[in-house]
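Quick notes on the structure that follows.
The values are calculated or read from the model by the stated rules, or taken from the named source; none is laboratory data. For clarity, every value in this text was computed on a predicted model and none was experimentally measured. In this analysis, Cβ positions are derived from the backbone assuming ideal geometry, glycine residues included, and neighbour counts consider all displayed protein chains.
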């Protein structure tokens, strides 16, 4: 029987954040084997991938329902491996629809669960808190208010800081970008999932075309992610889109050159906020997913940057509100020089709200403390 730890990081951001955690953790656990679900960054950290995150990226209830047989096969395969070679613990990262069910099965098999990057129970799904209290031994959370939330519900929680601060703090520009009226450039960030790109990019591009036709912008860049091929993005371009570039670069390189961005709701809104880039947040899912979510959601905003700020620092256009015309109007307003300057100053407050760097180190220490406290090493 080997000393091993099961890790489930089934989304692009989870793969990145968890790879940083493992980078900090592995030197203290030299004989421990990590395995499970992840992406290329975790593979580079030496983790054995039973499934790549590409096969687990489902957007909305409809997608999940279509893939239920596969999802059950994955879960059963993971549990079979657990029964053959019991892990010291499991580190489950976000992805609550799958991970909370897996946590229940792991608890029944005597495997302690550490949950890293909390589901947004404070926003919706508060009924899941009982499941977490029952099945999760410790929550490692990114925001101070999450620690207070969980402890108030009887769940052991530890605030470790936000990994994005580690990723970007040394790269943030010392001065704000000033709009150059002869070279206005916007970014289009349609997300990291194929379904997001398909749902959002066509209307993002149409917004950019409207702004180009009015002379408001000069260039637009579509930011793609590594694991999605160029063809997915290029097929939405027309022969007249010579002002649009598709770039595959880290946001730390892209964001400082943008005067404003259209960004899919998600972690990228926090990154735009850290770089103080004025943004319009857009999102669209299938009608059933939105209908059910609307009935359950308990907060005023969907964008993480607004949730963390506690107020609307970025316009949100969701579902039918996201049209090329409305997105274009909102961007045009942000591109006015004085509005742009004020919005950048407002967004810079996010840096203090997200705290100091060191999240990966703090999370790794929390895992070590857990293993030692429970005599699991």
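Observations on the structure shown:
- Flag if residue 281 is under 20 Å from the mean Cα position of the chain (by Cα) and either at pLDDT below 85 or under 29 Å from residue 174 (Cα atoms) (or both): yes
- Taken over the stretch 216-231, the residue count meeting the criterion of being surrounded by 15 or more Cβ atoms within 10 Å (Cβ to Cβ) and more than 15 Å from residue 187 (Cα to Cα) is 2.
- Looking across 138, 156, 196, 147, one residue alone is assigned by TED's automatic domain parsing to the domain that holds residue 14 and surrounded by 21 or more Cβ atoms within 10 Å (Cβ to Cβ). It is 138.
- In the stretch 74-97, of all residues being assigned to a helix (DSSP H, G or I) and under 16 Å from the mean Cα position of the chain (by Cα), the one that is nearest to residue 25 (Cα to Cα) corresponds to 96.
- Among the helices (runs of 4 or more DSSP H) confined to the stretch 117-199, the ones with at least 2 residues that are over 17 Å from the mean Cα position of the chain (by Cα), closer than 24 Å to residue 306 by Cβ and modelled with pLDDT of 90 or more are located at 144-152.
Yes or no, residue by residue, for (1) closer than 17 Å to residue 363 by Cα; (2) at pLDDT below 95; (3) surrounded by fewer than 19 Cβ atoms within 10 Å (Cβ to Cβ); (4) in the same structural domain as residue 368 (by TED's automatic domain parsing):
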position: 18; (1), (2), (3), (4): yes, no, no, yes
position: 25; (1), (2), (3), (4): yes, no, no, yes
position: 44; (1), (2), (3), (4): no, no, yes, yes
position: 48; (1), (2), (3), (4): no, no, yes, yes
position: 67; (1), (2), (3), (4): no, yes, yes, yes
position: 102; (1), (2), (3), (4): no, no, no, yes
position: 111; (1), (2), (3), (4): no, no, no, yes
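- Exactly one residue among 208, 260, 276, 213 is in contact with a helix residue (DSSP H, G or I) (Cβ under 9 Å, 6 or more places away or on another chain), modelled with pLDDT of 95 or more and farther than 27 Å from residue 353 by Cβ, and that residue is 208.
- Only a single item in (1) more than 18 Å from residue 192 (Cα to Cα); (2) at pLDDT below 95; (3) part of a helix (DSSP H, G or I) is not met by residue 14, and it is number (1).
- Search result, residues across the stretch 319-377 that are closer than 21 Å to residue 302 by Cβ and without any contact (Cβ under 8 Å) to a residue 12 or more places away in the chain: 320, 321, 326, 329, 333
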